[in-house]
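Following: one structure in structure tokens, then a few remarks.
Coordinate-derived values only; no laboratory data. This is a predicted model, so every value here is computed, not measured. Please note: Cβ atoms are built from the backbone with ideal geometry, for glycine as well, and neighbour counts cover all protein chains shown.
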Amino acid sequence: AVTTMYNLEPSHTSAYFLYKLYSSRGDVDNAVKYMEEALAAEESDPETDANYSFELAAFCYKNGKNAKAIEAANKAIELSDALDGKAYMLIGTIWGSLVCPGNDIEQRAKYWVAVDYMVKARNADPSLAEDANEHIGQYSSYYPQTAEAFMYDVTDGQSYTVSCAGLRATTTVRTQK
């Protein structure tokens, strides 16, 4: 019925219902396609688009589409200040969960980026402070030792570009003291 409704009169609402249908069936590609159509519809308002973007980000993360998840979370941040904290926390969680190849520093650098986003989440939404601090504590325990970082020619406070799993971010080197 929803497909027929969408074919007869495409709208952001019918596209969203098709997203819900396909996501419940585990059809990730079609779910993402219809959510993107719902977001592209002109009759939708920015607040709805922000909520849809965040929902898409969470859905993509749960289904292993990390780059798409971060893209959608950033769109939610752009559209609504109300979702900033949650979106930053999701992006931080994504970075913290990546598996990065390379030497010890390249494998652990993702935690610097994850902590950057957890701090942004905590600052944007104080109600998330407890969860964000818990993640920060967990991620910072994986920071390299100062001597170990020195062996790879990186030092505390230095700018560092992390490239992992198709994602890229610039952060600051941090070590365990």
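Please compute the modelled spin-label separation between SER24 and ASN123, points set 7 Å along Cα→Cβ, answer in nm with one decimal.
Using points 7 Å along Cα→Cβ, the separation is 4.1 nm.
Mind checking which of VAL2, TYR152, ILE136 is farthest towards the positive end of the chain's charge dipole, using Cβ charges of +1 (Lys, Arg) and -1 (Asp, Glu) about the Cα centre?
Checking the options against the dipole of the chain, the answer is TYR152.
Net charge within 15 Å of GLY157 by Cβ-Cβ distance, Lys/Arg positive one each and Asp/Glu negative one each, not counting GLY157 itself?
For residues surrounding GLY157, the net value is -1.
Which residue, chosen from GLN107, ALA87, SER11, occupies the Cα position most advanced towards the positive end of the dipole of segment 1-109, where the dipole is computed from +1 (Lys, Arg) and -1 (Asp, Glu) charges on Cβ about the Cα centre?
Going by the Cα projections, it comes out as GLN107.
Counting alpha carbon pairs within less than 8 Å and at least 6 residues apart, what relative contact order, in whole percent, applies to the chain?
14
If you build a Gaussian network model of the chain, linking Cα atoms that sit under 10 Å apart, which residue out of ASN74, ASN30, ASN51 swings the most?
ASN30
With the contact rule set at Cα under 8 Å and sequence spacing of 6 or more, what percent relative contact order holds for segment 1-52?
Dividing the mean separation by the residue count of segment 1-52 yields 33 percent.
State, to one decimal in nm, how far the label point of THR4 lies from the label point of THR146, with both points 7 Å from Cα in the Cβ direction.
The answer from the label model is 7.2 nm.
Taking the C-alpha atoms of segment 3-64, how large are the radius of gyration and the largest Cα-Cα span, Dmax, in Å?
11.0, 33
Restricting attention to segment 1-71, which GluC sites (Glu not before Pro) occupy a DSSP loop and are surrounded by at most 11 other Cβ atoms within 10 Å?
Taking segment 1-71 and a limit of 11 other Cβ atoms within 10 Å, the loop GluC sites (Glu not before Pro) found are GLU42, GLU43.
Under a point-charge model restricted to the Cβ atoms of Lys and Arg (+1) and Asp and Glu (-1), what is the dipole moment magnitude of segment 18-150 relative to its Cα centre, in debye to the nearest 20?
That gives a dipole near 520 debye.
Based on alpha-carbon centroids, what's the gap between segment 111-177 and segment 67-84 in Å, whole number please?
Cα centres, segment 111-177 to segment 67-84: 20 Å.
Can you list the residues, at least 5 places off or on another chain, whose amide H is less than 5 Å from the amide H of VAL154, using H built in the peptide plane?
Result for VAL154 returns nothing.
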